[in-house]
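Structure record follows, encoded as structure tokens.
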Amino acid sequence: VVGKAARLYAWWWWRSPNRPRVTDDSYVRLLDQLPPQSVGLDLGSRQRIRETAFTVELSPFPGVDVVANGQDLPFAAGTFDYVWCNAVLEHTPQPMKMAAEIVRILKPGAMAFIQVPFLENVHGWPDDYYRFTLSGLRVLFVDLEEVKSGVSAGPGQVLPDLLQYYFTLFGELQKGGLLISLLCLIPGCLLLP
């Protein structure tokens, strides 16, 4: 039952009106500029951002092509035209290793699409280790040229998230059960942007 409650909460949380769209339009527009035959890797999000992209995940799930750790990818250097890594780096214990792997598997002139949280509550799936600033990302990806950077979710999403986290006494939301999930609904509904 706990697993079902956690899945229900995760479903609601990612679909809440307070959440941003998971894939920022500006990144999708950049991705759309790549030729259709571009070989891409969706690292850890199971979204398959393009039909022709390979997906890598830690565990076997439907739609996952390769089960591997992002800190030690089983691909030759210079394999991919792009790597999509959306909300994954915060879940790896060694983001510098994963960043180095992303850089290693990119072809010269290829693109890395990286999205990470700065202000967001603790969320497992399965663990949650870090938050990042733009300056921190520039250090992680020092060998890449920055094409575009910015914020994909503003105060209308961050404030409700943080208040929900505070309101639930800093509980890990998706492991908190039905009561925690119901408590989240109150500030979530009151603070709709």
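Okay, residues lined up against (1) modelled with pLDDT of 90 or more; (2) part of a helix (DSSP H, G or I); (3) loosely packed, with under 14 Cβ neighbours inside 10 Å:
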{"site": "Ile114", "(1), (2), (3)": "yes, no, no"}
{"site": "Val122", "(1), (2), (3)": "no, no, no"}
{"site": "Trp125", "(1), (2), (3)": "no, no, yes"}
{"site": "Val139", "(1), (2), (3)": "yes, yes, yes"}
{"site": "Glu146", "(1), (2), (3)": "yes, no, yes"}
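Taken over the stretch 39-82, the criterion of being open to solvent by less than 70 Å² (accessible area, probe 1.4 Å) and of a type in the set (Lys, Arg) is satisfied by Arg50 alone.
Could you say which residue among Phe75, Phe61 is in a loop (DSSP other than H, G, I, E, B), aromatic (Phe, Trp, Tyr) and under 20 Å from Leu144 (Cβ atoms)?
Values: Phe61 fails: under 20 Å from Leu144 (Cβ atoms).
Exactly one residue qualifies, and that residue is Phe75.
For the stretch 7-25, the criterion of being within 25 Å of Arg104 (Cα to Cα), at pLDDT 85 or above and not in a helix (DSSP H, G or I) is met by none of the residues. Annotation: Val83 fulfils all but one of (1) part of a strand (DSSP E or B); (2) at positive phi; the unmet one is (2).
Does Pro36 qualify as being more than 17 Å from the chain's Cα centre (by Cα) and either assigned to a loop (DSSP other than H, G, I, E, B) or surrounded by 20 or more Cβ atoms within 10 Å (Cβ to Cβ) (or both)? Judged against the criteria, Pro36 is a match.
The values are calculated or read from the model by the stated rules, or taken from the named source; none is laboratory data. Here the structure is a predicted model, which means the values were calculated and not measured. Quick reminder, even Gly has a Cβ in these numbers, built from the backbone with ideal geometry, and neighbours come from all protein chains shown. In case anyone asks, the SASA skips ligands and DNA or RNA and just uses the protein heavy atoms, side chains included. Shrake-Rupley method; radii C 1.70, N 1.55, O 1.52, S 1.80 Å.
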